Amino acid sequence: MLTETIIEDERWRQAGLPSLAETAAQAALAHLGVDARLFEIAVLGCDDARIAALNADFRGKPRPTNVLSWPETDLSPDSPGAPAHAPEPGTPDDPEHLGDVALAFETCAAEAETGGTPLGAHVTHLVVHGVLHLLGYDHEDDSDAETMERLEVEILGKLGLPDPYKEREGQ
């Protein structure tokens, strides 16, 4: 398996996080031509209090957020909007750790409800988003954000999920 899911909040188990995370991470890597057998990702399902503490510790922002990611290696592209660098693979017997992703249950559930999106679809999007961060993509400037959002939409489309940005564009 590509993902190891650590459940700190049992609501994540009920929401099917282990399966959602594996499907989303596999789809993200496959879309980018990365062999998932050669990598591993840790996914933490926690609550808002835990993610607020992590956000404070790592980003200096002491508030909950939906998803955080910690890449093992900086794979950022050399120029804005360009593809990220390819990760160095491990082996099937000793996969390379791409990094960690954490999701906060209350924030994710509230966003899904507010957006009228099934929780599973929203979580799948957030895991894809987090995995893209592990792979060197970000949304720090407009061209990087466009590249990352395009990848997210393409990956989600392959999973049969709608464009999560479409509603925003129509506003």
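The values are calculated or read from the model by the stated rules, or taken from the named source; none is laboratory data. Owing to the predicted nature of the structure, the values given are computational and were not obtained by experimental measurement. We place every Cβ from the backbone using ideal geometry, glycine too, and count neighbours over all the protein chains shown. Surface accessibility is based on the protein's heavy atoms, side chains included, excluding ligands, DNA and RNA. Shrake-Rupley method; radii C 1.70, N 1.55, O 1.52, S 1.80 Å.
Kindly provide the set of residues from segment 1-44 that are part of a helix (DSSP H, G or I), surrounded by 15 or more Cβ atoms within 10 Å (Cβ to Cβ), among the hydroxyl-bearing types (Ser, Thr, Tyr) and without any contact (Cβ under 8 Å) to a residue 60 or more places away in the chain, ordered by number.
none
Looking at (1) assigned to a helix (DSSP H, G or I); (2) surrounded by 15 or more Cβ atoms within 10 Å (Cβ to Cβ), can you tell me which one Asp57 breaks?
The single condition Asp57 does not satisfy is (2).
Taking segment 90-120, which residues are at pLDDT 95 or above, open to solvent by 20 Å² or more (accessible area, probe 1.4 Å) and in a helix (DSSP H, G or I)?
Residues satisfying the conditions are Phe105, Glu106, Thr107, Ala109, Ala110, Glu111, Glu113, Thr114, Leu119, Gly120.
Can you give me the number of residues within segment 90-138 that are of a type in the set (D, E, K, R) and under 12 Å from the mean Cα position of the chain (by Cα)? Talk me through it step by step, then tell me what you get.
Residues of segment 90-138 of a type in the set (D, E, K, R): 93-94, 96, 100, 106, 111, 113, 138.
Filter once more, keeping what is under 12 Å from the mean Cα position of the chain (by Cα): 100, 138.
So the answer is 2.
Could you tell me how many of the residues in segment 45-54 are open to solvent by less than 70 Å² (accessible area, probe 1.4 Å) and either in a helix (DSSP H, G or I) or at positive phi (or both)? Can you show your working first?
Start the filter on segment 45-54 by keeping residues that are open to solvent by less than 70 Å² (accessible area, probe 1.4 Å), which leaves 45-48, 51-54.
The next check asks that each one be either in a helix (DSSP H, G or I) or at positive phi (or both); those that pass are 48, 51-54.
Matching residues across segment 45-54 total 5.
Can you say whether Asp138 is of a type outside the set (Gly, Ala, Ser), open to solvent by less than 60 Å² (accessible area, probe 1.4 Å) and part of a loop (DSSP other than H, G, I, E, B), as far as the supplied structure shows?
Numbers: of a type outside the set (Gly, Ala, Ser): yes; open to solvent by less than 60 Å² (accessible area, probe 1.4 Å): yes; part of a loop (DSSP other than H, G, I, E, B): yes.
It is true that Asp138 is of a type outside the set (Gly, Ala, Ser), open to solvent by less than 60 Å² (accessible area, probe 1.4 Å) and part of a loop (DSSP other than H, G, I, E, B).
Being touching a Leu at 6+ places or on another chain (Cβ under 9 Å) and open to solvent by 30 Å² or more (accessible area, probe 1.4 Å) is the filter here; which residues of segment 66-87 pass it?
Step one: filter segment 66-87 for residues touching a Leu at 6+ places or on another chain (Cβ under 9 Å), giving 66-73, 75, 83-87.
Matches in segment 66-87: Asn66, Ser69, Trp70, Pro71, Glu72, Thr73, Pro83, His85, Ala86.
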